[in-house]
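Beneath this line is the structure, given in structure tokens, with notes to follow.
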Amino acid sequence: MKEVVVISGKGGTGKTSLVAAFAALAERKILVDCDVDAADLHLVLNPRIGSREDFSGGKKASIMEERCTGCGRCHEVCRFDAVSSLADPDGRRFVVNPIACEGCGLCARLCPAEAIRFEPAVSGQWFLSSTPYGPMVHARLGIAQSNSGKLVSLLRREARELAEKEGFKLLIADGSPGIGCPVIASITGADLVVAVTEPTCSGLHDVRRVVDLAGHFRIPLLLCINKWDINPEIADRIEQETGQRGVRMAGRIRYDPAVTKAQIMKTTIIEYTGGAISADIRALWRNVVYALG
Ligand code: SF4
Ligand code: SF4
């Protein structure tokens, strides 16, 4: 089975629209939305949820009031200001703010009254769904929850297992933007990365970082310059500079307001229009297929 992951140096470059277009073009594939911090592939692919599971990425502290003596040790030691002292007519009372708690466990370890529970906390849910384009594995992380790298690894593992079980030969992942932990979790062990950028100075800066990242993990990378015609000079510069570093082009995609219209209609650009932009993406997809071998 081959795995291609679409990433970008920053959000908003058109990464998810491109993944949705690939979903419409590829045959017999599994889709994974690894952009768990801002998941939106489901908005275009209209998944029907088949199963859902809780995801627990770490532990959180909580104070058992009946055991707490109000000594304040937890408040003193928490480096994240997650323990607050409340005014109480019966003496001092302490509570943990679950959003601020980083799950280090120090307070539970040092509480002299063993009054702090330190247990796995549910931080989101993940889903196995069906879409008109094939099975999709995706997730919803709770508000202010972290551990998205762990969740990404879980989604990819589940998608791979499903692909093997069902005999699928291709996995297409919508990776996370940036170069942090969730992106690393999105691309490690993949066969190919497609990096989407825009022809802007920040696009050039971000693509340098993405090229470094893929190079570090020795994953072949193809570059896509989206909306290249809004600034052909910088598009040329990006292609030239990355080309000097051995990066091959997947292709260029022209600017077309039809992309936004397709999103509003909750469909892929390929199905929305057979115009020139669809031809750009079809050509780009052929290059991806060729690179996957
Ligand atoms: S350290 Fe334990 S006993 Fe002391 S205030 Fe905190 S929870 Fe209560
Ligand atoms: S587990 Fe760590 S972060 Fe959470 S309240 Fe205790 S000391 Fe603070």
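The values are calculated or read from the model by the stated rules, or taken from the named source; none is laboratory data. Since the model is a prediction, treat every value here as computed from it, not as a measurement. Positions of Cβ are backbone-derived with ideal geometry, glycine not excepted, and every protein chain shown enters the neighbour counts.
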Can you tell me how many residues in the range 123-151 are more than 16 Å from ligand 2 (Cβ to nearest atom) and assigned to a strand (DSSP E or B)? 16
Report yes if Arg67 is within 16 Å of ligand 1 (Cβ to nearest atom) and touching a Cys at 6+ places or on another chain (Cβ under 8 Å), otherwise no. no
Does the range 62-69 include one or more residues that are more than 16 Å from ligand 2 (Cβ to nearest atom) and buried (at least 17 other Cβ atoms within 10 Å of the Cβ)? no
Just wondering, is there one or more residues in the range 106-129 that are surrounded by fewer than 15 Cβ atoms within 10 Å (Cβ to Cβ), under 23 Å from Ser153 (Cα atoms), polar (S, T, N, Q) and modelled with pLDDT of 95 or more? no
Counting only residues that are assigned to a strand (DSSP E or B) and aliphatic (A, V, I, L, M), which one in the range 88-122 is nearest to ligand 2 (Cβ to nearest atom)? Val96
Filter pass, Ser153 being more than 12 Å from ligand 1 (Cβ to nearest atom), closer than 30 Å to Leu25 by Cβ and out of contact with any helix residue (DSSP H, G or I) (no Cβ under 9 Å at 6 or more places or on another chain): no
Inspect all residues belonging to the range 180-202 and state whether any of them is small (Gly, Ala, Ser), at positive phi and surrounded by fewer than 21 Cβ atoms within 10 Å (Cβ to Cβ). yes
Filtering the range 1-54 for residues that are charged (D, E, K, R), assigned to a helix (DSSP H, G or I) and touching a strand residue (DSSP E or B) at 6+ places or on another chain (Cβ under 6 Å) leaves a count of 1
Could you tell me how many of the residues in the range 6-15 are surrounded by 24 or more Cβ atoms within 10 Å (Cβ to Cβ) and over 20 Å from Ala283 (Cβ atoms)? 2
Can you run down the residue pairs with Cβ atoms below 7 Å, 6 or more apart or on separate chains, where the first is in the range 38-57 and closer than 30 Å to Phe118 by Cα and the partner is assigned to a helix (DSSP H, G or I) and among the aliphatic types (A, V, I, L, M)? Phe55/Leu151; Phe55/Leu154; Gly57/Leu151
Could you grab me the full set of residues in the range 18-40 that are touching a helix residue (DSSP H, G or I) at 6+ places or on another chain (Cβ under 6 Å), surrounded by fewer than 24 Cβ atoms within 10 Å (Cβ to Cβ) and under 14 Å from Gly175 (Cβ atoms)? Asp37, Asp40
Which of the residues belonging to the range 71-96 are surrounded by fewer than 16 Cβ atoms within 10 Å (Cβ to Cβ), near ligand 1 (Cβ under 9 Å from one of its atoms) and either aliphatic (A, V, I, L, M) or touching a residue at least 12 places away in the same chain (Cβ under 8 Å) (or both)? Cys71, Gly72, Val77, Ser85, Arg92, Arg93
Kindly state which helices (runs of 4 or more DSSP H) lie completely within the range 213-273 and contain at least 3 residues that are of a type in the set (A, V, I, L, M, F, W, C) and within 19 Å of Ala283 (Cβ to Cβ). 258-264
